[in-house]
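A.B. asks: I'd like to ask you about the structure that follows.
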Amino acid sequence: MEYKNIIVKFEERVAVITMNREKALNALNDETIAELQSFFRHHWLDDSFGCVIITGAGKAFVAGADISELAQCDIKKALKKSMLGIYLTKTIENFPKPVIAAVNGFALGGGCELAMACDIRLASEKAKFGQPEVNLGLIPGYGGTQRLARLVGRGKAKQLIFTGEMVDANEAKRIGLADEVYPAEELMTKAMEMAKLINSKAPIAVATAKECINRGLDVNLSAGLEFEKMGFGTIYGTEDAMEGMKAFLEKRGAEFKGK
């Protein structure tokens, strides 16, 4: 499939998506959002890879939404733009395979929201995170008011959104917005290592765990435990579960087939 604003490469069962609007600091315009949505929907049932990495070309991961497009919006267009951004972030969040954000630089506004929709956020020491929409008289529109509070807590999320201030990679890790921080030259190597490690596990188990975690965060503990119970029981119907336990007892490496 041909894309204009993103580069997609497949390497050792890992799909690497590079945001490729370098002159615009990889800002999310409507066309880029549509291309990302197309990739995830097209590959929803694709078993040829087990993990996705999203990163950016140049010095930005994604430096925000495309302001030139935002400036042309009226209320109706703004609602549609927010709907499409939220649809994309929900698609990534619910994608049945793990998605890793390799945040190489600025992750601001829509870029921070894109990173937060991913399952794991690995950051370069050069990364900067923030939701600066108030500087434009706006608020986050692609899920930032909701996901940021869930990741860093209500008070810290309000501070970051109300002030529009950026945080560096180490502060992002301290508050829970980034999971790991690496030297810039090691970021993609570390992201690939993590993706390959995930790929070595039972894919149905990974997908089920992701679904249980995501669904459980939106309900009370009792309901979340019901999701886990059902997922745990369902897993026993897979060949991978039998292979994993048999391999453990036989003291050998498991050979998972995603069945």
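Coordinate-derived values only; no laboratory data. These figures come from a predicted structure and were not determined experimentally. So basically every Cβ, Gly included, is an ideal-geometry build from the backbone, and we count neighbours across all protein chains shown.
A.B. asks: Against the longest alpha carbon principal axis of the chain, how many degrees, from 0 to 90 and to the nearest 10, is the axis of helix 187-199 turned?
C.D. replies: The helix 187-199 is inclined about 40 degrees to the chain.
A.B. asks: Give the lysines whose C-alpha is closer than 18 Å to that of Lys246, dropping any in the same chain fewer than 8 places away, or say none.
C.D. replies: Lys201, Lys257, Lys259
A.B. asks: Sort the following peptides by mean Cβ neighbour count (other Cβ atoms within 10 Å, averaged over residues), highest first: 32-38, 192-198.
C.D. replies: Descending mean neighbour count gives 32-38, 192-198.
A.B. asks: With charges set only on the Cβ (+1 for Lys and Arg, -1 for Asp and Glu), what does the dipole of region 189-237 come to about its Cα centre, in debye to the nearest 20?
C.D. replies: Roughly 220 debye, rounded to the nearest 20.
A.B. asks: Between Tyr3 and Ile86, what is the spin-label point distance in nm, taking each point 7 Å from the Cα along the Cα→C-beta axis?
C.D. replies: The answer from the label model is 2.5 nm.
A.B. asks: Here's a follow-up. What are the GluC sites (Glu not before Pro) within region 57-142 that DSSP puts in a loop, where the Cβ has at most 15 other Cβ atoms within 10 Å? List each step's numbers first, then the result.
C.D. replies: Details: sites: Glu69, Glu93, Glu113, Glu125, Glu133; in loops: Glu125.
Here the GluC sites (Glu not before Pro) that fit, given the DSSP loop and packing criteria, are Glu125.
A.B. asks: Send over the Kirkwood Rh of the chain, from the inverse of the averaged 1/r over different Cα pairs, rounded to one decimal Å. Write out the running numbers ahead of the final one.
C.D. replies: Numbers: mean 1/r = 0.0523 Å⁻¹.
Answer for the chain: a Kirkwood hydrodynamic radius of 19.1 Å.
A.B. asks: Mind pulling the angle between the C-alpha long axis of helix 75-94 and the longest principal axis of the chain? Nearest 10 degrees, somewhere in 0 to 90.
C.D. replies: 20
A.B. asks: Taking region 220-253, which trypsin sites (Lys or Arg not before Pro) meet the DSSP loop condition and have no more than 16 other C-beta atoms within 10 Å? Please report the intermediate quantities before stating the final value.
C.D. replies: Values: sites: Lys229, Lys246, Lys251, Arg252; in loops: Lys251, Arg252.
Counting only loop positions with at most 16 other Cβ atoms within 10 Å, the trypsin sites (Lys or Arg not before Pro) in region 220-253 are Lys251, Arg252.
A.B. asks: Please list log₁₀ I(q)/I(0) at q = 0.22 Å⁻¹ for region 26-156, using the Debye equation with identical point scatterers on the alpha-carbon positions.
C.D. replies: Normalising to I(0) and taking log10 leaves -1.44.
A.B. asks: Provide the per-residue ³J(HN,Hα) series for region 132-145, in order, calculated from phi with Karplus coefficients 6.51, -1.76, 1.60 and θ = phi - 60°, each as a whole number of Hz, with x at glycine and proline positions.
C.D. replies: Per-residue couplings from phi come out as x, 4, 4, 5, 9, x, 10, 10, x, x, 10, x, x, 5 Hz.
A.B. asks: On a straight-distance basis, which lysines could pair with Lys59 in a cross-link, Cα separation under 24 angstrom, same-chain partners fewer than 8 positions away excluded?
C.D. replies: Straight-distance partners of Lys59: Lys4, Lys9, Lys23, Lys126, Lys128, Lys173, Lys190.
A.B. asks: Say each of Asn170 and Met230 gets a label point 7 Å from the Cα, pointing the same way as Cα to Cβ; how far apart are those two points in nm?
C.D. replies: With each label point 7 Å from Cα toward Cβ, the separation is 4.5 nm.
A.B. asks: Further, regarding this structure: Based only on Cα atoms, what mean projected area does the convex hull of region 113-259 have, in nm²?
C.D. replies: Reported value for the Cα convex hull: 11.0 nm².
A.B. asks: Using amide H atoms built 1.01 Å from N in the peptide plane, name the residues 5+ places from Phe106, or on other chains, whose amide H lies under 5 Å from its own.
C.D. replies: Residues meeting the amide H criterion: Ala60, Phe61, Lys128.
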